[in-house]
Amino acid sequence: MDGCCLADQTIQIRGWVYRKREGKELIFLVLRDSTGVIQCTVKKNSSAWSDAQKVTIESSLTLEGVAHEDKRAPGGYEVSTESINITGLAETFPIGKDKSEEFIRDMRHLWLRSRKMNLVMKVRNQVFESAREYFNSQKYTEVSPPMFISAAVEGGSTLFGLKYFDQQLYLTQSSQLYLEILMFSLEKVFCIAPSFRAEKSRTIRHLTEYWHMEGEWPFADMNDLMAFEEGLMTHICQSVSEKCEKEFAELGADINKLKAVKAPFPKITYKEAIERLKPKNPALDWGADLGYEDEKVLAEEFGQPFFVYDYPTEIKAFYCKTYQDHPEIAMSVDMMVPRIGEISTGGAREDNKEILIERMKAQGLNPQDYEWYLDLRRYGTVPHAGFGMGVERLIVWMLDLDNIIDAIPFPRTTRRFYP
RNA sequence: GCCGCUGUUGCAUAGCUCGGUAGUGCGACUGACUGUUAAUCAGUAGGUCAAAGGUUCGAGUCCUUUCAGCGGCGCCA
């Protein structure tokens, strides 16, 4: 649709009417397709005139004409129309110039045709592609975990329950435990799959259904984990910045932010984070979880992705491995970015069966509910680590979107699940 | 879970403080005009003011409840 490579040739365009400006002697039709938009002119003496008059915003059509450079046209190129063949004459399109957030959310199925959503979806595609590229380059195997699960990964309060014939099942919150199973066969594994959380969060960074990029691999420690995560993040940012330059420009997003992402990232321990934040938040003592406000303060200071690691065991899940000489500290790490806060959580997993059972009991969980998970420690246990990253949070940060709902085509939030 | 905000025609809004027959822009329709950039000009149609109840001679406006949506915190990726 940029026209330049086909200048002065007769071309055929299949697309939709994006804008229409009508005069007595001349009609301007701006057409859109998946690649972009281009202005087409229809003269009164043309055989296409009556169809051009008839056509409405969002009508689909095939248009034939000569492409040529014209400084007066938006984009610098336009098409002198010779013929139009209307495929689907559109009724009056409901989305116009004046629109509220609420209205375009109700019209999501049509709003996805907008330039903004078109561009964001292309960037999203590139994020998926670049992520897979990196995992594959590091010889990871992509696997397919289940979405229906019979037990919780961590506490049960944020699980979506559902009726499965005559039984109670749940939607998965994380594929981690399933990656751990597959790891014993394939070693380095990853997946990009949905996760579901029944958290009644009312923020611009929560979805009830989001895409979770998770990796798990054997014989890894905290340093391996952070090195892999920063390598992945760097590759995604660099690769997207190279391949989505046009999208970033049209969306008005800052591509230099991505170009600046390079391993290694700043890394601070939880203890250091507390000490840094203490002057601003005197109530913050060792043992308390970092609040969103605290994370934001740190993120503004760093101005780029960074890690916080070695959290108190008490505030982390039962499967987190702890230090032998410091059982009160868990080998857990969060990656944070400005404005969004946490975009990834990972850690070393407890590989000792007895300690794992103790941790379960300490958190009020019944080890019998996790028999298959304990089996993994019975039969050839190995030290291992893994992480999960929220894909939409990553995209929100990259494009500096106002709300996470625009990072996914069909957002599900506590109040919205249509269409 | 806690707190705050919003709801007026297909869309976007004014009017609400301080009660007195609901106004504008976009879109639609009719016409004019034009190398336009979601053009411009003139005209036409379009509203049980989210719902219910209350106060009042009189409620879009004040009070109560409900519904819907948005956001902040908590929780998390």
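Side notes on the structure shown:
- Of all residues in region A:283-297, those being in a helix (DSSP H, G or I) and among the acidic types (Asp, Glu) number 3.
- Figure legend. Inter-residue proximity from region A:283-309: first residues at positive phi, second residues open to solvent by less than 60 Å² (accessible area, probe 1.4 Å), beta-carbon distance below 8 Å, spacing 6+ or different chains. Indicated pairs: A:Gly287/A:Pro312; A:Gly287/A:Ile315; A:Gly303/A:Pro338.
- Scan of region A:352-407 for residues that are among the charged types (D, E, K, R) and either within 15 Å of RNA strand B (Cβ to nearest atom) or not in a helix (DSSP H, G or I) (or both), ordered by number: A:Glu392, A:Arg393, A:Asp400, A:Asp402, A:Asp406
- A:Lys122 being near RNA strand B (Cβ under 10 Å from one of its atoms), basic (Lys, Arg) and not in a loop (DSSP other than H, G, I, E, B): no
- Test result for A:Glu91, open to solvent by 50 Å² or more (accessible area, probe 1.4 Å) and within 15 Å of RNA strand B (Cβ to nearest atom): yes
- Restricting attention to region A:203-227 and to residues that are open to solvent by 40 Å² or more (accessible area, probe 1.4 Å) and away from RNA strand B (no atom under 16 Å from the Cβ), the residue that is nearest to the chain's Cα centre (by Cα) turns out to be A:Ala227.
- Filter result for the condition that a residue is more than 40 Å from the chain's Cα centre (by Cα), within 9 Å of RNA strand B (Cβ to nearest atom) and not in a strand (DSSP E or B), over A:Lys71, A:Lys24: A:Lys24
- The single condition among (1) open to solvent by 40 Å² or more (accessible area, probe 1.4 Å); (2) away from RNA strand B (no atom under 11 Å from the Cβ); (3) not hydroxyl-bearing (Ser, Thr, Tyr) that A:Lys99 does not meet is (2).
- Of all the criteria given as (1) part of a strand (DSSP E or B); (2) at pLDDT 95 or above, the one not satisfied by A:Leu110 is (1).
- Of everything listed in (1) surrounded by 12 or more Cβ atoms within 10 Å (Cβ to Cβ); (2) modelled with pLDDT under 95; (3) out of contact with any Lys or Arg (no Cβ under 6 Å at 6 or more places or on another chain); (4) farther than 24 Å from A:Leu225 by Cα, the single unmet condition for A:Thr158 is (3).
- Residues of region A:228-256 that are under 27 Å from A:Gly347 (Cα atoms) and either surrounded by fewer than 15 Cβ atoms within 10 Å (Cβ to Cβ) or not small (Gly, Ala, Ser) (or both): A:Phe228, A:Glu229, A:Glu230, A:Leu232, A:Met233, A:Thr234, A:His235, A:Ile236, A:Cys237, A:Gln238, A:Val240.
- Residue count for region A:8-24, restricted to those that are exposed (fewer than 13 other Cβ atoms within 10 Å of the Cβ) and over 15 Å from A:Ser83 (Cα atoms): 5
- The sole residue among A:Ser174, A:Ser144 that is touching a residue at least 12 places away in the same chain (Cβ under 8 Å), under 25 Å from A:Met398 (Cα atoms) and in a loop (DSSP other than H, G, I, E, B) is A:Ser174.
- The residues of region A:372-416 that are acidic (Asp, Glu) and in contact with a strand residue (DSSP E or B) (Cβ under 9 Å, 6 or more places away or on another chain) amount to a single one, A:Glu392.
- Out of A:Glu314, A:Glu328, A:Glu300, one residue alone is under 23 Å from the mean Cα position of the chain (by Cα) and either more than 12 Å from RNA strand B (Cβ to nearest atom) or in a helix (DSSP H, G or I) (or both). It is A:Glu300.
The values are calculated or read from the model by the stated rules, or taken from the named source; none is laboratory data. Note that this is a predicted model, so its numbers are computed, not measured. Backbone-built Cβ (ideal geometry, glycine too); neighbour counts: all protein chains shown. The accessibility values were calculated without ligands, DNA or RNA, using every heavy atom of the protein model including side chains. Shrake-Rupley method; radii C 1.70, N 1.55, O 1.52, S 1.80 Å.
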